[in-house]
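Take a look at the structure set out below.
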């Protein structure tokens, strides 16, 4: 029975990319105010049914000499569709739908289909991203200490609390919203290992029809 | 003359008082001794004593796996997921008792992160010579270039997030196969569990699993009760959106105990009330209470004698006490009816003693056959019944008449008469009976026999429903078969397990054999592998590989020291065999495969429970003195086979014994054949009716079937005896009352909740009804029809 316990040991999370550390704001609203801010955000963002955007990811990993910049696009559609396309420096795609993970890269031009069950941590990451982009912020209070870093633009820092699954993996995650506080502009992730990532999102389209071919990664394989 | 009779009657009264005091003292002594009787609630008594059956049964019952308690938390809407996680955490944190050894809710991220790296670092000691040869063939420039290019691509992809720790430690994927084995061990589970947020979550995201490990055995009544109460109390604190189901073997044993205690109380109470009502309202005679007292005293003394002989008595057998009392009372009824036939004690007893003894000894003969059974429950019940019947017979013939001797002036007032007669010609009675038997015979090919041992589990329905729900929620797969290796210590068991695995691998492919030996080799083997590993790299391969990496990794902007952990791994010291055993990953695996036992340690290996594989492995296991195969399917088959052979043996023995005994007592073949009619009728009607109502036969109903055959022949003997002896006492009345009392006993079992008692009861009811009607109506008709042509004019002699 205890075998379940170690099923996750194969699967690890590391958010990478270099970014300068930031100082947390000295002025932090109390819990009531934080709840109010999160509640307002949920109100602003909660109506999102689908989202698509381009991104630039700056990644600093200890394994590489220099910072690496990746660019691509991502797509999310309720209830469970998620697609992540990287265009440079490598061409690569990963799609999550119907409890399956599909991976493709230009080099091999092969699609690997993996069960979600075999990549539980990756699933957790995707669900976490869905929580952020679909605006389920109040539920994050169970797992994170939340602080307001700045109000204009609104930057919120999520620090894993002692009950969090991410406590020993993540240092923190910072999310920055656009001026209207209706979409995410930037996500910064710092790992305990020191690896860091910053995702800049642009040309964000909310509730616009997503090209169905986005979910059909198999068409890319020759 | 009248004065002389009155004087005799006064003398009898004095005798009655002395006898009553003597019996009363015996009863008091028996009641007092009851306190010291050891009772058990072990369904093992219903299993044939065959080594592999008992071994499998004991394993299922005693394995620590069976002792685990599972708590399945549920939310109705997956959007409430954070609440589910929070409820699990709060519940786990609230558990603080020595009764619970550990609480498993999921996996710890850091243990996983560091643990897997450390596992990969030390895994070279798992590599065999063949694997090193494969590796050697890959140590060339193009291959290394290809690998480094792939590493770069993987690290920049989203899935690279997952692979990074392994890539750092093992860029060439030396341990890819070992990790796959580890993954295989994890995924070959019977529950469909995913790890989300470090918790064990069902695929629909609406359930979380918590496993509580405890040392409290499922059969430890008081401890189990305290444990379950503690957990249930902790679950009271759950938020309203979250509910929880408890799955534990402990619940079964507690429930079984509750059900059996209730059933015993109900059967004894209902049977007592029924008997009392029958005697008081039908006989309208306070002395009829004595008939009720005789079987009680007999059963009471039998319990004591059996417990002295056997050491302990089963609750199930105690539950059947009510039925036994129904059988034991038969002889008293015959005595009572004879004593109310209007004749003197001497004349009445002279008439009835012989058929009573024949009936009792035939029944004792039937039960005695069960003393040869390989099923201890049968033996226990047989002993109990034989003693009860003999005591009852003794009381009925030797003691009871003294208490029933009436004032001579009132004898005529007490006369009982059976007035229900059929006004149907004999040939029509035989025709109806033949049609009934014919119909039952036609149903015989459709008789079903059930061997699932779970049918003896009398737990309350809610427990089974919760388990069914659990199986659905967690998509529980078929239970695997197992090879269990036993040794005095874990290391010894591991060594033996590895040797067995080598042989098992020849039987079927690696994938389908889920064994800890895939990733945890014995120390001696690991040491040997490590020495070979070090030698391998010292032979110039280290430098060659380092050069390739320097050449190609710079092309992809890797740091020069990016793969330092990997190159350190190539010089793994032989002492690291000790570090391997401390791996956190293995500490997590071990509890699933290895268990401490009273004898030392048991290692369990899993494989698909298919007939073909189990057969092959079982064959091979004959050479493994310290290992055995456990298969639920094989267990069912073995049980089925054993019970079938048991039933065949007992049936044959009884089929020979009953006519033989009857012939010895009646000394006439025609009489014997007629006397057998009720027995044959009851057996065929039982089989036909059970099939008709789609009730499957099991060990309990088979036992009842054979017993009821023995009882029915009593009715046959009495009716034949009555027919040719032309007795003055009303045998039909006595048989009717006998059947009624037995029916009372059996009917009480039909309302019980425990399946063993229920199946016993339903079979007895069907058998007694058919046996009785055929005895009272078919036997006399048959006697009259056959007598015209074949019987001698003079009554035959009996012993």
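Computed from the coordinates by the stated procedures, all read-outs in this text should not be read as laboratory data. A quick note: this is a predicted structure, and the numbers were derived from the prediction, not measured. Note: ideal-geometry Cβ built from the backbone for every residue, glycine included; neighbour counts use all protein chains shown.
Calculate the mean, over all residues of peptide B:164-176, of how many other protein chain Cβ atoms lie within 10 angstrom of the residue's Cβ.
2
Could you put B:466, B:178, A:86 in order, starting from the residue whose Cβ has the fewest other Cβ atoms within 10 Å? Don't skip to the answer; put the middle values down first.
Values: B:466 16, B:178 19, A:86 23.
Fewest to most other Cβ atoms nearby, the residues stand as B:466, B:178, A:86.
Provide the convex hull volume over Cα atoms per residue for the range B:479-600, in Å³. Don't skip to the end; give the middle numbers.
Working: hull volume 20.4 nm³, N = 122.
Normalising the Cα hull of the range B:479-600 by residue number yields 167 Å³.
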TODO: Would you order A:62, B:622, B:753, B:568 from fewest to most other beta-carbon atoms within 10 Å of each residue's own beta-carbon?
DONE: B:622, B:568, A:62, B:753
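Given the alpha-carbon gyration tensor of the range A:61-112, what are the semi-axes of its equivalent ellipsoid in whole angstrom, ordered largest first, with each equal to the square root of 5 times an eigenvalue?
Values: eigenvalues 110, 39, 21 Å².
Taking √(5λ) for each eigenvalue gives 23, 14, 10 Å, largest first.
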- [ ] For the range B:637-681 and the range B:229-278, write down the distance between their C-alpha centroids in whole Å.
- [x] 40
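Note the direction-averaged projected area, equal to a quarter of the hull surface, for the Cα convex hull of the range B:648-699, in nm².
On the way: hull surface 16.2 nm².
Projected area, direction-averaged: 4.1 nm².
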Task: Peptide ranges B:468-474, A:122-128 listed from the most packed, as the mean C-beta count within 10 angstrom indicates - done: A:122-128, B:468-474
Task: Helix axis angle, B:160-169 relative to chain B longest principal axis, alpha carbon, degrees - done: 70
Task: Amide N proximity, the range B:545-581 versus residue B:489 label position 7 Å along Cα-to-Cβ, cut-off under 19 Å - done: B:575-581
TODO: Run the quick spin-label model on residue A:71 and residue B:96: label points 7 Å from Cα toward the beta carbon, then report their separation in nm to one decimal.
DONE: 5.8
Task: Cα-projected label distance for residue B:241 with residue B:554, points at 7 Å along beta-carbon direction, nm - done: 5.7
- [ ] With just the Cα atoms of the range B:655-773, tell me how far they stretch along each of the three principal axes, in Å, largest first.
- [x] 44, 29, 21
- [ ] Please work out, to two decimal places, the log10 of the ratio I(q)/I(0) at q = 0.21 Å⁻¹ from a Debye calculation in which every Cα of the range B:613-697 carries one identical scatterer.
- [x] -1.05
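For the ranges B:649-660, B:666-677, what's the packing order if you count other beta-carbon atoms within 10 Å of each residue, average per peptide, and put the highest first?
Working: B:649-660: 16.9, B:666-677: 21.2.
Ranking, from highest mean packing down: B:666-677, B:649-660.
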- [ ] Any chance you could run the full-extension gain for residue B:29 through residue B:149? It's 0.36 nm times the residue separation minus the Cα-Cα distance, nm to one decimal.
- [x] 34.1 nm
Open item on the list: Using only alpha-carbon positions, what ratio does the radius of gyration of the range B:682-739 give when scaled by 2.2 N^0.38 Å?
Closed with: 1.43
TODO: Could you work out how far apart the two model spin labels at residue A:62 and residue B:443 are, taking each label as a point 7 Å from the Cα in the direction of the beta carbon, and quote it in nm?
DONE: 7.7
- [ ] Kindly express, to the nearest 10 degrees and within the range 0 to 90, the angle between helix B:221-235's C-alpha long axis and the longest C-alpha principal axis of chain B.
- [x] 60
TODO: Output the Kirkwood hydrodynamic radius of the range B:206-247, Cα pairs only, in Å rounded to one decimal.
DONE: 11.8
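Calculate, for residue B:623 and residue B:597, the FRET efficiency according to 1/(1 + (r/R0)^6) with r their C-beta to C-beta distance and R0 25 Å; round to the nearest 0.05. Intermediate results must be reported in sequence, preceding the final value.
Working: r = 22 Å, r/R0 = 0.89.
My answer for the efficiency is 0.65.
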Task: Number of partner chain Cβ atoms within 10 Å, mean per residue of B:147-158 - done: 6
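I want to verify the translational diffusion coefficient of the range A:138-222 in µm²/s; compute it with Stokes-Einstein, Rh as the Kirkwood radius over Cα pairs, at 20 °C and 1.002 mPa s. Before the final figure, lay out the partial values.
Values: Rh = 15.1 Å.
Diffusion coefficient, whole number: 142 µm²/s.
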TODO: Report P(r) for the range B:482-537: all Cα-Cα distances, bin width 5 Å, range 0 to the bin holding the largest distance, values in whole percent.
DONE: 4, 18, 26, 21, 16, 11, 4, 1
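Determine the shielding of peptide A:160-173 by partner chains: average, over its residues, the number of Cβ atoms on other chains within 10 angstrom of each Cβ.
Working: counts 1, 0, 1, 7, 4, 10, 3, 4, 8, 4, 1, 0, 0, 0.
Counting other chains' Cβ atoms within 10 Å and averaging over A:160-173 gives 3.
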- [ ] Please work out the FRET efficiency for the pair residue B:637 and residue B:694, using the Cβ-Cβ distance as r and a Förster radius of 30 Å; give the result to the nearest 0.05.
- [x] 0.85
Open item on the list: Give me the percent relative contact order of chain B, please, defined on Cα pairs under 8 angstrom at least 6 residues apart.
Closed with: 21
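Could you put B:230, B:721 in order, starting from the residue whose Cβ has the fewest other Cβ atoms within 10 Å? Write out the running numbers ahead of the final one.
On the way: B:230 16, B:721 25.
So the residues, fewest neighbours to most, are B:230, B:721.
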- [ ] Would you list the P(r) distribution for chain B, with all Cα-Cα distances sorted into 10 Å bins from 0 and each bin expressed as a whole %?
- [x] 2, 11, 17, 17, 14, 11, 9, 7, 5, 3, 2, 1, 0, 0
Open item on the list: What does the extension gain come out to for residue B:660 and residue B:523, with contour length at 0.36 nm per residue minus their alpha carbon separation?
Closed with: 42.6 nm
Task: For the range B:227-310, projected area of the alpha-carbon convex hull averaged over all directions, nm² - done: 9.8
Task: Radius of gyration, Dmax [the protein assembly as shown; alpha carbons; angstrom] - done: 39.8, 134
TODO: Would you please state which residues of the range B:272-311 a label at residue B:49 would reach in this model, taking the label point 7 Å out along Cα→Cβ and a backbone N cut-off of under 19 Å?
DONE: B:306-311
- [ ] Of the DSSP beta bridges with both residues in the protein assembly as shown, give the percent that are antiparallel, rounding to the nearest 5.
- [x] 95
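Determine, for each peptide in B:628-639, B:75-86, B:134-145, B:705-716, the mean count of other beta carbons within 10 angstrom over its residues, then list the peptides with the highest first.
Numbers: B:628-639: 19.7, B:75-86: 17.8, B:134-145: 13.3, B:705-716: 28.0.
Packing order, densest peptide first, comes out as B:705-716, B:628-639, B:75-86, B:134-145.
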TODO: Provide the three semi-axes, in whole Å and in decreasing order, of the ellipsoid equivalent to the range A:162-210 as defined by the square roots of 5 times the Cα gyration tensor eigenvalues.
DONE: 27, 12, 10
